[in-house]
Amino acid sequence: MNSKFDIIKAAKNSINNQGQSILKLGDFVNEDFKETVELINRIKGRVIISGIGKSALIGTKIVATLNSTGTPAIFMHASEAVHGDLGIHQKNDPVIFLSNSATTPELLALEPIIRKRKGKIVGIMGNMNGALAKKVDVFLDASVTTEADPLGIVPTSSFMVAAALGDALASGLMQRRNFTETDYAKTHPAGQLGRNLLLTVKDVMHNPSKIAKVSPQTSIRKLVIEMTKFPLGAACVMEENKLIGIITDGDLRR
């Protein structure tokens, strides 16, 4: 079979390209990255992330990760910003611009507006020579040698690298703020981790009026009737308002 129709080869090349691009990203994490973490750590408000197209999709993902790991964040679409969404940005809020080309016109138009609001701008970009790269306060290099698709033009590796850099920022902020599992659970109270760390015995206990209660002298027949009234799978054996034992469905079956 002609190699250009080799689907397995194309898939493996795509995966390898993206993996290598992310590994290379580690070489770009430097003092500028540390400066970004410190800049965000100092804020009193929230981080605004902005972009369009695929960068907008990355931005919403980064926002979700930051919010769940202790850094308040919100996404502001670059096109919608000048049509009312600028209300999202408040004075001094730092902004992260996402642009692989570093030439996105919508972001170029936003830059002077953000400056008037005293906001610092971080650029996660794939082109250090782009017009935007020269306008940001901190430039984070998210460049790739080639994209991972057969044509080398579809946002694939560049997408993954920008997303990975967003995760790295979240991880750096977690480390900077001594973010713990308990802190994480507070933003995930409905998840298993939240239940494990936040749920207490008090939260799952039943009111005494809603459980089967019997005395040591209660007949088995009446016990079964009481357990049927309150189908919790057990009855409490009480004496002088003190629990002295528990009988379960399993005990009755045995």
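Only helical runs count toward this figure. For the chain, summing -39,500 (n - 2.57) over DSSP H runs of n ≥ 4 and dividing by all residues gives -13000 deg cm²/dmol at 222 nm.
Shape class of the stretch 96-185 from the alpha-carbon gyration tensor: oblate, with a/c at 1.5 or above and b/c at least as large as a/b.
The heavy atoms of Leu232 offer some 80 square angstrom of accessible surface to a 1.4 angstrom probe.
Backbone phi angles across the stretch 237-254, fed through the Karplus curve with coefficients 6.51, -1.76 and 1.60 (θ = phi - 60°), yield HN-Hα couplings of 8, 10, 8, 6, 6, 10, 6, 10, x, 9, 10, 10, 4, x, 4, 5, 5, 5 Hz in residue order; Gly and Pro are listed as x. Our coupling estimate for the stretch 130-139, obtained by passing each phi through the Karplus curve with A = 6.51, B = -1.76, C = 1.60 and θ = phi - 60°, is x, 4, 5, 4, 8, 10, 8, 6, 9, 9 Hz, Gly and Pro reported as x.
Pairs exceeding a 18 Å alpha-carbon distance, out of Lys24/Lys134; Lys34/Lys116; Lys54/Lys135; Lys44/Lys135; Lys34/Lys186; Lys91/Lys120: Lys24/Lys134; Lys34/Lys116; Lys54/Lys135; Lys44/Lys135; Lys34/Lys186. If you take the charge dipole of the chain about its Cα centre, with +1 on Lys and Arg Cβ and -1 on Asp and Glu Cβ, which of Leu243, Val154, Asn17 is farthest toward its positive end? The Cα lying farthest towards the positive end belongs to Leu243.
A cut-off of 5 Å between modelled amide H atoms, ignoring neighbours fewer than 5 places along the same chain, links Phe139 with Gly123.
Coupling constants for the stretch 113-125 follow from the phi torsions by the Karplus curve (6.51 cos²θ - 1.76 cosθ + 1.60, θ = phi - 60°), and in residue order they are 5, 4, 4, 5, 9, 6, x, 7, 10, 10, x, 9, 9 Hz; glycine and proline get x.
Can you give me the relative contact order of the chain as a percent, contacts being Cα pairs under 8 Å and 6 or more apart? Averaging sequence separation for qualifying contacts and normalising by length gives 16 percent for the chain.
In this structure, the amide hydrogen of Ala73, modeled 1.01 Å from its nitrogen in the peptide plane, lies closer than 5 angstrom to those of Val47, Asn67, counting only residues at least 5 positions away or on a different chain. Counting only DSSP beta bridges whose two residues both lie in the chain, roughly 25 percent are antiparallel.
In a DSSP loop and with at most 14 other Cβ atoms within 10 Å, the trypsin sites (Lys or Arg not before Pro) in the stretch 1-60 are Arg42, Lys44.
Going by a ≥ b ≥ c, the root eigenvalues of the Cα gyration tensor, does the stretch 40-138 fall in the rounded group (a/c under 1.5), the prolate group (a/b larger than b/c) or the oblate group? Since a/c stays below 1.5, the shape of the stretch 40-138 is classed as rounded.
Rounded to the nearest 10 square angstrom, Val63 shows an accessible area of 20 square angstrom against a 1.4 Å probe. Projecting the Cα positions of Thr200, Ile8, Leu108 onto the charge dipole of the chain (unit charges on Cβ atoms of Lys, Arg, Asp and Glu, taken about the Cα centre) puts Thr200 furthest along the positive direction.
What percentage of the solvent-accessible surface of the stretch 36-104, computed with a 1.4 Å probe over protein heavy atoms, is contributed by carbon and sulfur atoms? Carbon and sulfur: 54 percent of the exposed surface of the stretch 36-104.
On a 0 to 90° scale, report how tilted helix 7-25 is relative to the longest principal axis of the chain, with both axes built from alpha carbons and the result rounded to the nearest 10. Between the helix axis and the principal axis of the chain, the angle is about 80 degrees.
The values are calculated or read from the model by the stated rules, or taken from the named source; none is laboratory data. Quantities reported herein were computed from a predicted structural model and do not represent experimental measurements. Glycine also receives a Cβ, built like all others from the backbone with ideal geometry; neighbour counts cover every protein chain displayed. Heads up: the accessible areas ignore ligands, DNA and RNA and are worked out on the full protein's heavy atoms, side chains in. Shrake-Rupley method; radii C 1.70, N 1.55, O 1.52, S 1.80 Å.
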